[in-house]
Amino acid sequence: MSYSESGSSPPHEPHQQQILDPNESHWLMPKRCSCGHSAFDPKQMQPFYVHQHIELPEIEMDVSHYILQQCDCPNCGKTVKAKLPPEVTTGYGARFTALIGELSGIKAMSRNDVKQLCKSVLGVSIATGTIQKMVDRNSQALAPVYDRIGQIARGSWCNYIDETSWFKEHDLHWLWAMVNEQVAFYRIDPHRSKSAFESLIQDWNGILVSDGYGLYQKWVQRQTCLAHLIRKADALAERKKADLRRFGEIIAAWLRQLINFAKEPPDPKQWSDFYTFFMFTVSLWESDKTDAGKLARQIRREINNLWVFLDHEGVDPTNNRAERALRFGVLWRKRSLGTQSEKGNRWVERILSLKETCRLNDKPTFPFLVECIASYFSNSTPNLSWI
């Protein structure tokens, strides 16, 4: 915020992250020098620092009354009544409806918390049932956005896929995430099965990055998540038995070295040395009956999927991208205990897809929610070109 000509530090607040456009500016002049001089030439003044003071204005809701009138037709005598414009029939505008969507979905606030915030901050008393209706409108408005995100995900050359438990009316369901650099697509399914996986991906056949769940292991071109294997090796490294601990330490170190190859690809000798010693270590423990042998056999099964990232630039050696995308859903599930209906499932799928896709594209959610709601009210399609 300081001008480049000056090395002066801020007088009060620390350096702020963003300069906002001001509503007004106040030019402050020095009053007195330490020597006592106070007559300064305004033409000699130079700015040295901009102090930004931010305040929330008093919120005053825009409330419009539409007074519908009627009269008798002078021609036939029938009573003729005025009709509301379509865009105001719900009683709540696009920005207010989008705010409810932002709070209920992007922030995962409970209906009661949203109700209290509207009363405390906005001065608007709103029933829980009305909040639910506004959430439903948000969900309906996001339907074309969700479909578009799904199309892009299923057209990507590489996707990171993971799943976590979800509950609908206390019945176990599964929240699936299909993520790449551009979009994140979510789907809730009653099953953690092949059919659920196929419903998520449909005709997609690119490079899959995933953990070692058996459902994924027959995929033609797959990068297995090295972080999952490292966690298992680290667990062995904490065992009391010295031989198990030593195996865990060695395998974890080799796997971490493999991940480092994503940043600094190995030369032929480095790769030969790595491959020789890694495979030798695994072979020594393959027939062992302990957990070390179990991990060694898993690595052997996954061997062709451990270094796909070295042959395809842009593929990560871990599935952290999908795990991060599921984290918010996990927190939401813990707070709300899931959903109560299929309609609730659709809302979670759509708002999570929007939230994470906006994050991936560094785009704020609220302005786009407003646009979606306005398009929904006008029976049109929002601009989806940014996705």
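I'm a student and want to see the number: the projected area of the Cα convex hull of the range 323-387, averaged over all directions, in nm².
The Cα convex hull of the range 323-387, projected and averaged over all directions, gives 5.3 nm².
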(message) Under 37 °C and 0.692 mPa s, how fast does the range 286-340 diffuse according to Stokes-Einstein, given a Kirkwood radius computed over C-alpha pairs? Answer in µm²/s, whole number.
(response) 227
(request) Using only the Cα atoms of the range 240-387, construct the convex hull and provide its projected area averaged over every direction, in square nanometres to one decimal. (result) 14.3
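Return the Rg/Rh ratio of the range 88-226 with Cα-based radii and a Kirkwood Rh.
Values: Rg = 18.7 Å, Rh = 17.3 Å.
Over the Cα atoms of the range 88-226, Rg/Rh equals 1.08.
Going highest first, how would you order 377-383, 31-37 by mean Cβ packing within 10 Å? Could the numbers behind the result be given before it?
On the way: 377-383: 12.9, 31-37: 7.6.
Highest-to-lowest ranking by the protection proxy: 377-383, 31-37.
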(message) Can you compute the radius of gyration and Dmax for the range 71-145, using only the Cα atoms, both in Å?
(response) 17.4, 56
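Cβ under 9 Å from Ala237's Cβ, Ala237 left aside: what net charge do those residues give with Lys, Arg +1 and Asp, Glu -1?
0
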(request) Using a cut-off of 9 Å between beta-carbons, work out the net charge of the residues near Phe377 (Lys and Arg +1, Asp and Glu -1, Phe377 not included). (result) 0
(message) Whole-Hz ³J(HN,Hα) for each residue in the range 377-383, computed from phi via Karplus 6.51 cos²θ - 1.76 cosθ + 1.60 with θ = phi - 60°, x for glycine and proline: what do you get?
(response) 5, 8, 6, 10, 10, x, 6
(request) Return the sequence-ordered ³J(HN,Hα) values of the range 188-193 in whole Hz as given by the Karplus equation 6.51 cos²θ - 1.76 cosθ + 1.60 applied to θ = phi - 60°, using x for Gly and Pro. (result) 9, 9, x, 10, 10, 9
(request) Taking the Cα centre of the chain as origin, sum charge times position over the Cβ atoms of Lys and Arg (+1) and Asp and Glu (-1), and report the length of that vector in debye to the nearest 20. (result) 1180
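I need the shape label for the range 139-192. Rule: rounded when a/c is under 1.5, else prolate if a/b > b/c, else oblate, with a, b, c from the alpha carbon gyration tensor.
On the way: a/c = 3.19, a/b = 1.42, b/c = 2.25.
Here the range 139-192 falls in the oblate category.
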(message) Mean-square fluctuation check for the chain, GNM, Cα pairs under 10 Å: which of Trp166, Trp347, Trp219 is largest?
(response) Trp219
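Can you list, largest first and rounded to whole Å, the semi-axes you get for the chain by taking the square root of 5 times each eigenvalue of its Cα gyration tensor? Before the final figure, lay out the partial values.
Details: eigenvalues 518, 281, 72 Å².
They are 51, 38, 19 Å, listed from largest to smallest.
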(request) Please sort by residue number the trypsin sites (Lys or Arg not before Pro) in the range 148-222 whose DSSP state is loop and whose Cβ has at most 10 other Cβ atoms within 10 Å. (result) Lys218
(request) Give the residue from Leu226, Leu215, Ile149 lying farthest towards the positive end of the charge dipole for the range 125-256; charges sit on Cβ (+1 for Lys and Arg, -1 for Asp and Glu) and the dipole is referred to the Cα centre. (result) Leu226
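With only Lys, Arg, Asp and Glu charged, each at its Cβ (+1 for the first two, -1 for the last two), find how big the charge dipole of the range 273-387 is about the Cα centre; round to the nearest 20 debye. Intermediate values should be presented prior to the final figure.
Numbers: 17 positive and 14 negative charges, 145 e Å.
Here the range 273-387 has a charge dipole of around 700 debye.
Summarise the accessible area of the range 136-239 (1.4 Å probe, protein heavy atoms) by the percent that is carbon and sulfur. Before the final figure, lay out each step's value.
Numbers: 1970 of 4310 Å².
Percent of accessible area from carbon and sulfur atoms in the range 136-239: 46.
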(request) Using just the helices of the chain, give the 222 nm mean residue ellipticity in deg cm²/dmol: DSSP H runs with n ≥ 4 each add -39,500 (n - 2.57), and the total is spread over all residues, rounded to 500. (result) -13000 deg cm²/dmol
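Asp147: net charge of surrounding residues, Cβ under 13 Å, Lys/Arg +1, Asp/Glu -1, itself excluded?
Numbers: positive: Arg148, Arg154, Arg187, Arg346, Arg350; negative: Glu349.
After counting each charged neighbour, the total is +4.
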(message) Amide H of His173 versus every other amide H placed in the peptide plane: which residues, excluding those fewer than 5 positions away on the same chain, fall under 5 Å?
(response) Trp166, Phe167, Lys168
(message) Going Cα to Cα from Lys218, which lysines come in below 25 Å? Please leave out same-chain ones fewer than 8 positions away.
(response) Lys194, Lys232, Lys294
(request) Round to the nearest 10 and give me the degree value, 0 to 90, for the angle of helix 242-260's Cα axis relative to the longest principal axis of the chain. (result) 60
(request) Provide the per residue accessible area, probe 1.4 Å, for the chain, rounded to a whole number of square angstrom. (result) 61
(request) Could you let me know the centre-to-centre spacing of the range 302-316 and the range 208-281, using Cα atoms, in angstrom? (result) 12
(request) Beyond 18 Å between alpha-carbons counts as too far, so tell me which of Lys133/Lys343; Lys119/Lys355; Lys83/Lys133; Lys168/Lys355; Lys168/Lys343; Lys107/Lys334 fall in that bin. (result) Lys119/Lys355; Lys83/Lys133; Lys168/Lys355
(request) Indicate the gyration tensor shape class of the range 202-315 (rounded, prolate or oblate), computed on the Cα atoms with a ≥ b ≥ c the square roots of the eigenvalues: a/c under 1.5 is rounded; otherwise a/b larger than b/c is prolate and the rest oblate. (result) oblate
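The values are calculated or read from the model by the stated rules, or taken from the named source; none is laboratory data. Not measured: the values here are computed from a predicted model. Backbone-built Cβ (ideal geometry, glycine too); neighbour counts: all protein chains shown. Remember, those area values only see protein heavy atoms, side chains included, never the ligands or the DNA or RNA. Shrake-Rupley method; radii C 1.70, N 1.55, O 1.52, S 1.80 Å.
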